[in-house]
Each structure stands twice: as C-alpha cells, then as structure tokens.
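First the structure, in the form of structure tokens, and then the observations on it.
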Amino acid sequence: MSKALVIARREIAEKKFVFLTAVAAAILPFLATLLPLARNWSRQGMVAMTGSILATGLALGLAVVGGASMIGRELAERRLSFYFARPVGAASIWFGKLAASVFIVLAAPAIVLVPALLFAGDQWRTFGGGQWSALGALALGSVLLLCISHMVSTFVRSRSMLVVIDFVLAVAAGFAIPMMIRPLWNGMAVNTVTWIAAGLAAAFVLAVIIGGAWQVADGRTDRKRSHAALSRAFWLVMGIALLCSAAYVAWVVSPKPSDILRQLDVQSAKEGNWIFLSGQAPHRSDFVAGFAYDMSSGRYVRVNGPSLVFHSGTFSRDGKTALIREQLPNTRPTQTSVLLIPLEGDGKPIDTGLTADWRAPIVLSDDGRRIAYRDVTGILTVYDVPSKRSLVSVRFAGWPQMFFVSPDVLRLYSVGDSAAHEQRLKIEELDVRTKAILQTGELRTQGDGVLFSVSPDGSKLLLRSFAKGGNGTEPAIVADARTGQRITTVVQEEGSRVSGAALLADGTLFVPVVRNGQVTARFLGDGGTVLREVPLGRGERAYVAAELTGNRLIVSIAPATPAEGAPKTYLLDAAGGRIIRTLDSLGLFGDDPGSDPRRGAPQAQPLLAAMTRTEVLSWNPLTGEKKHIAGRYQDKESRKDLLDRLMR
Amino acid sequence: MTTAETAIRISDLTVRYGRKTAVENATLTVDRGSVYALLGRNGAGKSSLVRCLVGQQKPTAGRIELFGEDVWKRRAALMERVGVVSEEADAPPEMRVAELARFGASLYSRWDQPAVDDRLRRFGIPSKAKYGDLSKGQKKQVSLALALAPSPDLVILDDPTLGLDVVARKALFEEVIAELADRGITVLLTTHDLAGVETIADRVAILRDGRLVLDEEMEALKSRFRRVRFASQPVAFGGGNLQTAAVRAWGAGTEAVVSNYDELAFERFRSASNIAAAEIAPLSLEEIFIAVTGEGAQS
C-alpha cells in the first residue's frame, strides 16, 4: 500500500500544473462579475454560475485526459517499464495511478468550485435537485468518464484486432440493457430502474478497476496483452453484473397473483369469471404487476400493471378478450400501444397496430374485431383490427361512453351541462358505412351530475342524477337507450333518499330507498308502478353487486358509520319480493367501469371478486365457496399516493 | 552448475507476436559475477528477450529464472536485486533528476544516494535538470546512475551506449562495467558497440533472427575463429574438418572465416589440398559477429 501511495504522490507531483491552472480558474468567477454583461446578475449568482461551469468543464476535461494517459499513453510510448523495472507490485502501480487520477479529477474542480460556493452562499441553486446531489452527480460522472477514457485509450492504442470484439460486445450490451430495463419501465418500476442503472454504473467502475488491475498485472508493458487482459476482466465482470441484473429483473417482473400484497386493485369483467388484478409484490421494489385472472380455474395471463392501475384496460363484452394499453418506448409517457389478449386461447398478446393515449375512451366490439376510441385531440376513430386500418375518423367534441350496437354502428353517450343545475345526456350514433354521426336523442334532468348505465341488450338506459349533498330531483330515470324517451321517472320524495338504483335484465327497476336510516328495496315496473317492496335493514346506501339468472340479486347494504356494524349482503328473490338468505359480509370489487356503459347479463353461477381484511378471494355467493387469490395488507403508501407517483 | 552459482537461467524461451517469432527456443545461463554480452543485429530479438528477462513481458513459451526464482511470478521482489537500464528512455520527462532519485529511494530497501550524486557529477548532469530536457546519452547516464543506486546483484543494460559519445562509451565500459565486474556484480548487456564489449565480456551470445546461434566464453570464441587467406589459388573447403562461417573470393585466391580453427587440423588440410602458403590472422569480436550474422554468414 505504501508503494501505491508513493506512486500516487509521484503522479500527482508530475501533474502539479493542473492545480496551478485550477487556482487561476478559481479567480475567474470573481473577475467575471466585473464584466458589463454581469450587471443584470447578482454578484453571488454570477460567481456561482461561472464557478460551476468552469468546475464542470475542468472535471470532465481532466477525466478524459487523465483516463487516456493513466496507462494507455505510457504503454504506447513504452514508458511503463519505468515502474516495472522497480520493486513495485502491479497492484501498487495500478492503484497508485488510479488514486492519483481520481484525486486530480476531484480535487482540481473543487479548488475552482469551493471559493465560488462559499461566496455565493444561499444564492447557489442548481437547475434541479439539491446542491449535494448535483455535486455527487458531477463527481460520479467524472469518475465514470475517467474509466471510459482509460478503456478507450487502452483499446485504441493497443492496435489490436481485439477492439472489434470489444466493439461487438459493447453494442450487444447497449442492446441488452434497454431490453432488460424495458419490462421494468413498462411496470413503472422507476426506483428499480434507478437502482439497476446505478448498480450497472457501479459494476462498470468496478469492472474497470478490476480490469485495470489485471491489465497491469498480466499485460505489463505488452500493449496487446495489456488490452487482452483488460478486455477479458472487464467483460467478465460486466457479464456477471448483466446476468445478475437480468436475473433480478426476471424475478422482479415475475410475481404470481398470490404474491401481490400491496396497492391491490381489482376490476371484474361484466360477464364471466375473469378479473384484472394489479399491485406490487413485497421485496420486488416498486414494480406494478398486472394479471388477467380467471377466478374459476386460477389461470392467469400477465398484462401491463400500470395500464390496470389507470383503469385503461378493459374486457370484451363476453369477458373472453382483454384490451390492454402498454406504454411505448421512446414516445411520450401517455402514448400506448393497444394489445388484445385472447384469454381463453394461448394468452399471447396480439398487437393491434393501434397507438392511443392511455386516457382516451376506448371500447371493443362484441365480436372483438373493431375498436373505437376518442383521442385527446377530439378525433373519434373506428379501427378494424384484422386489417389494421382506420375505417372512419371524425371530430367529436365530448368525452363519450359508447358501445357497438352492431359492427357498423357505434352509439355514443356524452354528458354536458345544458344550463345551471341541468344535465343533458346526448345520444348519437356513428355509422361506419356512411362515416356520419347522427344524433338519435337526448335526455335532460335537474342536478349537478349524472351517472348512467345501459341494459345488457342495449335497449334501455338508467340515468341517476345527483345534486350537491344528495339526490337530484329525479334520482332515477329509465329511458329508451337510443332516443332518450322516458319510460319511468322516480321523483325525489320528501324525507327519503334513493341510493344505488339498478336496471335489471327483465326491465324492472331496482330502487333502494333510505328513510330514517332504514333501507327498503323497491321494484318498479314501466311507468313507475311499484311492483314489490322488501325491507332490508339499517344502512346508508345499497347497491346490486350481481344479478343472477332467475330474478335473483346479490344486494349489499353499507352502514352510515363503522359504529353501526358491518356491511350486510343479501340474496334477494326479485320476482317473489323476498330475502332468500343473508350472505357473508365481504367487501366486493366493482365491475370494469370501462367506456362501455352496458351492464353485464345475469350469471347462473357467479364468482365475485371480494376482499377481507387480509386477502382477496373469489366468492361464490350461492355456495359460499371462497378461493384465495392474493394477499392484502395496508401499508403506509396509500393507493392515491401510488397513483400520484405514477402520474409524475 | 548450481542455482547458487547462476544469476540468470533461460530455458527454451520463445516469444511470438502473432505469426512473427521474435525469439525461438533460446536457452542460456549467466554465471554470477560474470559480464555477459548479448549481441545481435537490429530486430534479432534482443529487446524481446530482455523484456522477458526483467519480467515485463510474458514469454510465449519457456521459463526464466533470476537467482533461482521465476521472474514472471516474483518480478517485484527480484527487482530489489536487479538494476535495469532500458533501451528506451522511460522515465517521466517532467521529473527532475533529483526527483527521480528521491522516487527511487522511496521504493528500494537499499539506496546509495551519495553514489548517485557522485555518478551524476562525473557525468556532468545537474540534479535540477528535467529528464525530458536531457540528451539521449545523458538520459542513459541518469538511468544507469539510478539503476546502480540500490547496489544490485545483477545489472541488465539494454543498449546502454545508445546516444553516448565516444568518451562516455569508453568510460562506461572501462570504468562502470569494469568496476561492477571487479565487485562481482553480474552484468548482462546488449550492445552494438562490439569493440567496447570485447575487452570486458566474459561470455558472448549472438542472436540471429530470434535464434541463439552462439553462446560461449569470449576467449574460447576468439581462439577458434581465424581468417584464412589463400592468395595463390582458389580453395574448396567442403569435405574437410574445418568449418567455415564465411567464404569469399579474394583476388586470385580464397578468403574464409574458420570457426573451429586448430593448427594441427589446418596443417593437415593445407597439405591435403596442396596449398603452398596461407595467411592466418585472428579476428576481432566485430569480425566474428559479421561472419556469424552478416549477409554471407553460413548457418
């Protein structure tokens, strides 16, 4: 070690002119304040800026020159024998020279920067991040550049054909690293990407340090052998680092649904047993995994996780095809490629060739052959998947919910304010053959907002209006889905509240009425005739969790406060107007909200995605059978925080 | 010869650069306390052999031992006992001579600074001078002064006279190397100054195209080489006991360099060939070298 220090001291002494240059450069920022140009600046700001620029330039310049001359120049000029003819080990030669080069690269810029920063005080600001991180980045960048320069210098000066192999390996690594990073990037694993990049940078520096030591030990004064030794050790270390990184990435991106514990989100297909499941697995950093999961068989297909977090994935009408939007590399962060995944088939994604903003409303025709989307610039497009071409593109002002009435007709619903406290649902149809949009109807109601859904056969729609603090004056309206012609209107009654109305498959309107904290299920026929009423119990609101064949409903009632007890879930006979039985109280995930407003058709044997405090499971409400899907625990990071972070 | 008596042992040394062979199957030993001259024309492989000898280059094949230890594996330790003057001026040009001496002193366990100062004074080199500003010969002299400072047991001089003037060359051979020899220090040198080396070398080796074509004691070498001139008639040497290193026409007769001269054998050859008179003269090392390595040399 002492001989390494002797060599380092000698190397530094040989380059003492660098420090004299740095001292001279340290004065320049103060002289710069005397320039006429500097009048518009504060003296401190001017000194800080000039000092930073000079120090950065000096650091990078010294890194390039220092790296190139550390070993390569002396090898080429046959001067390395000066050390080898003396009783000094190869390690002392290498580490002495390396230490001297690193010291010069760091110390000389510090001579320029420190007086400027001391003078500038609080005035010193970097363009982003803190001062220390900027200094750290400059120091690390300089050391990296020093290493790169040393390698290039050795390779070029050796005049060996090995440089071709180095070039090929460098190109291969240049391709491999982005390919390795891409799945992480697609999974929004920003922290993991940062750590892997930092790890590879550290591995690069380590590879150069080990490679340099081996280069001097085995290559000594022989240029070609020196190159070969550096090359061999460098690529061995980098190869191991890349393999380890690749193995880590492969592990991070391959959790099973049962591994998911954090930031869980579930969306159910409107029909069938497939769900979207997204979230993070413990110890796999911030990678957001996504799955299309069949609750009946436990089979799953991996899909893009962040796409699910943003609810930009959707299922086809029958729940057998998933539409996923996956971020494209080298494009704006919001630009995505649209993939279709045949869930009942091999599960291999089919690239539709379509790119769309992840925020754009998008729907799939029932036959899975056509896609409609309205992009952020206001263009509505119908795209044909088999031929991979747009059939029609028209301007459309609103943000629609829509569905294909037939492969050639797209029905569009858009909500807007027509006047103060008046909401208007505009109904239009786009005919692909004529490329024209025709307004087919509209529906107006009082309120500050509306929600609507369409019956599974697309014939009727249910519009629910809300005013600030509660129901609108017409809390539920059943209308013709094409014309908006009213069929049934539920009027707000004094002393009661309507919560969670649902249009059932047979056209009956389910209206939960809350009066004095007591929920009553009311079933209305056409025109608003009350067909049946079923008292359910105390609660704040009620909703239909699932509709089963044979006029049976799964209805959940949520209490106003947790102090009033747990939610209650009932199996109701809608035709007979009675409670068949009370079910386990489980939290149920909602259906895929998507951009298709149609509800799912009644199921004979429904499987519902449900949650307890500790797990997510599939639940058959008729048999009570439960199957574990994923774990679940609350951690400090809320789902909103995750969304905020991903949005950033 | 035992390891204790051997300073250098080179066994089957081969050095190749791609397809080119610089040294091929060279085997030699250098006794302790001897002065060994390694000669050869430019490109014969001397510098490659010396670089391997000081552990700076790994041979393609073969083994080199200094004082019984493998030089490739034990280079750093062995360099405590070896002073090296490289063919190239390899010291950092920005360093002053005094700085070079201080640097050397901090690396060796033994360092005779007064001897360095004395030699530099004799060479007329100021210690404040920058190494890069010195002439080629002065650089060699500084390297020599530094190489001798740790009182080495072996000194390896790779073309030490390169750039030296006539006076300095004479001083190098007659004062420095002779003094080392007197002190029992082993010296291996490569040089083109054959007149200088002739008086001090105990043993000589000649490399030709990477192959060691000669390796023997200086006295034995000189005693077996003779120039023979037959003025009156051409003479054919084939078939006799005399071996020739070179043969050429000389006036009406023949001139030959005989590499195994022996009076009795020559007399037999002369009477058998019916030759009346012959002129026989000893050869200088330079003449022997030319005969062995020159254009007309016979393998």
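A few comments on the model shown:
- Top positive-direction residue, dipole computed over chain B with Cβ charges, set B:Ala77, B:Ala252, B:Thr191: B:Ala77
- By other beta-carbon atoms within 10 Å, ranking B:Lys136, A:Lys426, B:Lys58 with the fewest at the front produces B:Lys136, B:Lys58, A:Lys426.
- Given charges at Cβ of Lys, Arg, Asp, Glu: the protein assembly as shown dipole, positive-most of A:Ala233, A:Leu169, A:Ser499: A:Ser499
- When each of the peptides B:5-16, A:43-54, A:575-586 is scored by how many other beta carbons lie within 10 Å of its residues on average, the order from highest to lowest is A:43-54, B:5-16, A:575-586.
- Sequence-distant lysines (8 or more away, or on other chains) whose Cα lies within less than 20 Å of A:Lys256: A:Lys348, A:Lys626, A:Lys627
- Segment A:564-615-segment A:484-502 distance, computed between alpha-carbon centres (Å): 22
- A DSSP coil position with no more than 12 other Cβ atoms inside 10 Å describes the following trypsin sites (Lys or Arg not before Pro) in segment A:460-519: A:Lys468.
- Exposed-site-free run, longest, chain A (rule: chymotrypsin sites (Phe, Trp or Tyr not before Pro); DSSP loop; at most 16 other C-beta within 10 Å): A:128-632
- Per-pair calculated FRET efficiency, R0 = 30 Å: A:Ala566 and A:Leu531 via Cβ, rounded to 0.05: 0.50
- Segment A:397-430 and segment A:16-81 have Cα centres lying 64 Å from one another.
- Counting, for every residue in B:83-95, the Cβ atoms of other protein chains within 10 Å of its Cβ and taking the mean gives 5.
- Residues A:Val64, B:Val176, sorted so that the one with the fewest Cβ neighbours within 10 Å comes first: A:Val64, B:Val176
- Rounded D (µm²/s) - segment A:433-577, Kirkwood Rh over Cα pairs, Stokes-Einstein at 10 °C, 1.306 mPa s: 100
- A:Leu243-A:Thr582 pseudo-label distance in nm [points 7 Å out on the Cα-to-Cβ vector]: 6.3
- Cα-Cα P(r), chain A, percent of pairs per 10 Å interval: 3, 13, 17, 18, 14, 11, 10, 8, 5, 1, 0
- Counting Cβ atoms of other protein chains within 10 Å of each Cβ in B:46-52 and taking the mean gives 1.
- Each Lys and Arg adds +1 at its Cβ and each Asp and Glu adds -1 at its Cβ; summed about the Cα centre, segment A:39-108 shows a dipole of about 140 debye.
- Going from the fewest other Cβ atoms within 10 Å to the most, the residues B:Ile185, A:Ile209 appear in the order A:Ile209, B:Ile185.
- Rounded tilt (10° steps) of A:43-70 against the dominant C-alpha axis of chain A: 70
- Rounded to the nearest 20 debye, dipole of the protein assembly as shown from Cβ charges on Lys, Arg, Asp, Glu: 1080
- Computed over neighbours whose Cβ is under 11 Å from that of B:Ile185, the net charge equals 0, Lys and Arg +1, Asp and Glu -1.
- Neighbour count of at most 12 Cβ within 10 Å plus DSSP loop: longest GluC sites (Glu not before Pro)-free window in chain A: A:1-492
- Crossing angle, helix A:2-14 versus chain A [Cα axis fit, 0-90 degrees, rounded to tens]: 80
- Peptide A:85-96 has a mean of 5 when you count, residue by residue, the C-beta atoms of other protein chains within 10 Å of its C-beta.
- FRET E, pair A:Lys388, A:Trp185, Förster distance 30 Å, beta-carbon r, rounded to 0.05: 0.75
- q = 0.23, 0.25 Å⁻¹: log10 I(q)/I(0) that the Debye formula gives for segment B:56-113, counting C-alpha atoms only: -1.07, -1.14
- Acute angle (nearest 10 degrees) that the helix A:90-120 long axis makes with the longest principal axis of chain A, alpha-carbon atoms: 70
- Under 16 Å from the Cα of B:Lys46 - lysines, other chains or at least 8 residues apart: B:Lys20, B:Lys58
- Theoretical FRET efficiency, 1/(1+(r/R0)^6), r = Cβ-Cβ of B:Leu264 and B:Gln233, R0 25 Å, to 0.05: 0.65
- Dividing the helix sum by the residues of the protein assembly as shown, where each DSSP H run of 4 or more adds -39500 (n - 2.57), gives a mean residue ellipticity at 222 nm of -10500 deg cm²/dmol.
- Our coupling estimate for segment A:147-152, obtained by passing each phi through the Karplus curve with A = 6.51, B = -1.76, C = 1.60 and θ = phi - 60°, is 5, 4, 4, 4, 5, 4 Hz, Gly and Pro reported as x.
The numbers here are math on the coordinates, done by the rules we state, and not lab data. Quantities reported herein were computed from a predicted structural model and do not represent experimental measurements. Cβ atoms come from the backbone with ideal geometry, glycine included; neighbour counts cover every protein chain shown.
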